[in-house]
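The structure appears right after this line, and notes come after that.
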Amino acid sequence: MKLSELLEQFEPDARIKIGANDGSAYFYVGSPSDLLTHLWFYNSTVKSAAKRSLDLAEKDFLLVKNDKNIPDRVKLKLRRARSRLNNLVDLKDREVLSYFKCDETIDENVTAVIVEGFEMGNYWCLEDAISFPSICC
């Protein structure tokens, strides 16, 4: 199921948090209606992060390109960063791998959604996101 399909099943003001299976933490905390309304912003943020990752990998590569043996880790980092940017999928079209109710002692009435991807999030629970009100809704 695509993320957009799952979001349509939730109440517009439900509380959700979204993370990626090859990432860490949650990169979105808010409501389905906020995510869909501001999807262009969240997609541009994800794309910017992927571009920054590629820029950093390219800089690392440039630092060692004159060495006789370029470390495999540098080559791998560059290959992965290029692949991630080139194969970036719009958030609404991401495949949902799982979703579940969060532990009520940590996040009351919040559903966690895990999608395909590699994004590194800043949040673990709803309370973390409240510290960043311009990002959390």
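The values are calculated or read from the model by the stated rules, or taken from the named source; none is laboratory data. Please read all numbers here as calculations on a predicted model, not as lab measurements. FYI the Cβ positions are ideal-geometry reconstructions off the backbone, even for glycines, and counts take in every protein chain you see.
Summary of values
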read-out: Per-region count, region 4-34, residues hydrophobic (A, V, I, L, M, F, W, C) and within 14 Å of TYR123 (Cβ to Cβ); value: 6
read-out: Per-region count, region 1-37, residues surrounded by fewer than 15 Cβ atoms within 10 Å (Cβ to Cβ) and either part of a helix (DSSP H, G or I) or not hydrophobic (A, V, I, L, M, F, W, C) (or both); value: 10
read-out: Unique match (being surrounded by fewer than 16 Cβ atoms within 10 Å (Cβ to Cβ) and either under 22 Å from GLU5 (Cα atoms) or not β-branched (Val, Ile, Thr) (or both)) among SER83, SER53; value: SER83
read-out: Odd one out for ILE16, checked against (1) among the β-branched types (Val, Ile, Thr); (2) touching a Ser or Thr at 6+ places or on another chain (Cβ under 8 Å); (3) free of Cβ contacts under 8 Å to residues at least 60 places away in the same chain; value: (3)
read-out: Hits in region 29-64 - residues which are aromatic (Phe, Trp, Tyr) and touching a residue at least 12 places away in the same chain (Cβ under 8 Å); value: TYR42, PHE61
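A quick yes/no check of all residues on (1) at pLDDT below 95; (2) touching a Gly at 6+ places or on another chain (Cβ under 9 Å); (3) in a helix (DSSP H, G or I); (4) of a type in the set (Lys, Arg):
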| residue | (1), (2), (3), (4) |
| --- | --- |
| PHE61 | yes, no, yes, no |
| ASP67 | yes, no, no, no |
| VAL74 | yes, no, yes, no |
| GLU104 | yes, no, no, no |
| ILE114 | no, yes, no, no |
| CYS137 | yes, yes, no, no |
